[in-house]
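Report on the following structure.
No lab work stands behind these numbers, since they all come straight from the coordinates. Computed from a predicted model, the values in this text were never measured in an experiment. With ideal geometry, Cβ positions are generated from the backbone for all residues, glycine too; neighbour counts draw on all protein chains shown.
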Amino acid sequence: MASRVRHDDMVQVIRGRDKGKRGKVQRVDLKDSMVHVEGVNIVKRHLKAGAQGANSQGGIIAQEKPMGLWSVMLVCPNCDKPTRVGYQVLADGTKSRVCKRCDQTIS
Ligand SMILES: [Zn+2]
């Protein structure tokens, strides 16, 4: 099944702590229905000095956590609003995505 959201799409978070934030899709994991969005859902972890991956003083690392596809909405590049996506079959048989707000094709 084709995904509503693809790599490099702009999406807006519609649920949770980061609601309202926008970011670019870095990766979509269809198997788990998860999406990695740049700069969204950052989890900070405190590392103790000497822990694996930490420098000698320890510290904080920020990590982007994947979030559910259901927590984001595609931002239409034409009308710049989070929108539902429809599909349209073109004359040559290819499927294209359509913004339900402005009816413009989304590449
Ligand atoms: Zn639109």
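Quick one: check the C-alpha center-to-center distance for region 2-30 versus region 64-107, whole angstrom.
Spelled out, the Cα-based centre of one part sits 11 Å from the other.
Show me the ranking of peptides 19-26, 41-48 by mean Cβ neighbours inside 10 Å, starting with the highest. Numbers along the way, then the final one.
Working: 19-26: 15.6, 41-48: 12.0.
By packing density, highest mean first, the sequence is 19-26, 41-48.
Give the long-range amide H neighbours of CYS76: residues separated by 5 or more places, or on another chain, with amide H under 5 Å away, using H modelled in the peptide plane at 1.01 Å from N.
Residues meeting the criterion, in which the H sits 1.01 Å from N, are LYS81, THR83.
Which of the lysines could be linked to LYS21 by a straight reach, that is with a Cα gap under 24 Å, when you skip same-chain ones fewer than 8 residues away?
LYS44, LYS65, LYS81, LYS100
Can you return the aspartates and glutamates within cross-link range of LYS48? Criterion is Cα-Cα under 15 Å, with same-chain partners fewer than 8 residues away left out.
none
Can you give the FRET efficiency to the nearest 0.05 for LYS44 and ILE14, using r as the Cβ-Cβ distance and R₀ = 22 Å? Show your work: numbers first, answer last.
Working: r = 23 Å, r/R0 = 1.04.
Between LYS44 and ILE14 the formula returns 0.45.
Order these peptides, 85-98, 68-81, by their mean beta-carbon neighbour count within 10 angstrom, highest first.
Highest to lowest by the protection proxy: 68-81, 85-98.
Name the long-range amide H neighbours of LEU47: under 5 Å, sequence gap of 5 or more, or other chain; modelled H, no Pro or chain starts.
Here the answer is GLY59, ILE60, ILE61, since their amide H atoms fall under 5 Å of that of LEU47.
Can you figure out the FRET efficiency of LYS31 with CYS102, using R₀ = 35 Å and their beta-carbon distance, to the nearest 0.05?
Numbers: r = 32 Å, r/R0 = 0.90.
E between LYS31 and CYS102, to the nearest 0.05, is 0.65.
Under the Kirkwood approximation applied to all pairs of distinct alpha-carbon atoms, what is the hydrodynamic radius of the chain in Å?
15.5
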